[in-house]
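The values are calculated or read from the model by the stated rules, or taken from the named source; none is laboratory data. On a predicted model such as this, the values are computed, not experimentally measured, just so you know. A quick note on method: Cβ atoms are made from the backbone with ideal geometry, for glycine too, and the neighbour counts reach across all protein chains shown.
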Amino acid sequence: MGYRDYTTLEVWKEARKLVNEIYKLTEQFPKNENYGLTLQIRRCAVSVPSNIAEGCGRNHTKDSMQFFYIARGSLYELETQIYLSEDQNYIIRTETKEIQDQITVCKRLLNGFINYYKSKT
């Protein structure tokens, strides 16, 4: 079924915004975390819009849905990593809340998109 123009999707735009916020946030992490939590958090964040895009480019609904579910899983993984970052005192509670709010926006939009996509098939 493919939704080719993914760049117009609000869910993709918000996920992209999340990536930018994550990169800014993790710049302040200790340098010894560059290949640890920093890298893991960034990869997780990048996975969200990337998997939305890849899912939109697939020709079969089942394939597309798998990528959308991976994107959703990455949001949950990212959420946990943000809490772990606060536990390590790399970020403060207000930063955690700001990122979690953006993650929540992305989760809501992605769940809506998944439901919409399912209904069109």
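Structure summary
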| read-out | value |
| --- | --- |
| S47 being out of contact with any His (no Cβ under 8 Å at 6 or more places or on another chain) and buried (at least 17 other Cβ atoms within 10 Å of the Cβ) | yes |
| Cβ-Cβ under 6 Å pairs, at least 6 apart or on other chains, the range 99-119 side over 19 Å from C56 (Cβ atoms), far side of a type outside the set (D, E) and crowded, with 18+ Cβ neighbours inside 10 Å | I99/I82; Q102/L18; I103/L75 |
| Filter result (hydrophobic (A, V, I, L, M, F, W, C) and closer than 22 Å to N89 by Cβ) within the range 21-63 | I22, L25, F29, L37, L39, I41, C44, A45 |
| Residue list for the range 82-101, restricted to those being surrounded by fewer than 19 Cβ atoms within 10 Å (Cβ to Cβ) and under 16 Å from L18 (Cβ atoms) | Y83, E95, T96, K97, E98, Q100, D101 |
| Residue identified as at pLDDT 95 or above and either buried (at least 17 other Cβ atoms within 10 Å of the Cβ) or touching an Asp or Glu at 6+ places or on another chain (Cβ under 7 Å) (or both) among E27, E14, E10 | E14 |
| Matching residues in the range 33-84 - criterion: being free of Cβ contacts under 8 Å to residues at least 60 places away in the same chain, among the small types (G, A, S) and assigned to a helix (DSSP H, G or I) | A45, S47, S50, A53, G55, A71, G73, S74 |
| Qualifying residues in the range 4-45 (those that are touching a Phe, Trp or Tyr at 6+ places or on another chain (Cβ under 7 Å) and aromatic (F, W, Y)) - the one nearest to C56 (Cα to Cα) | Y6 |
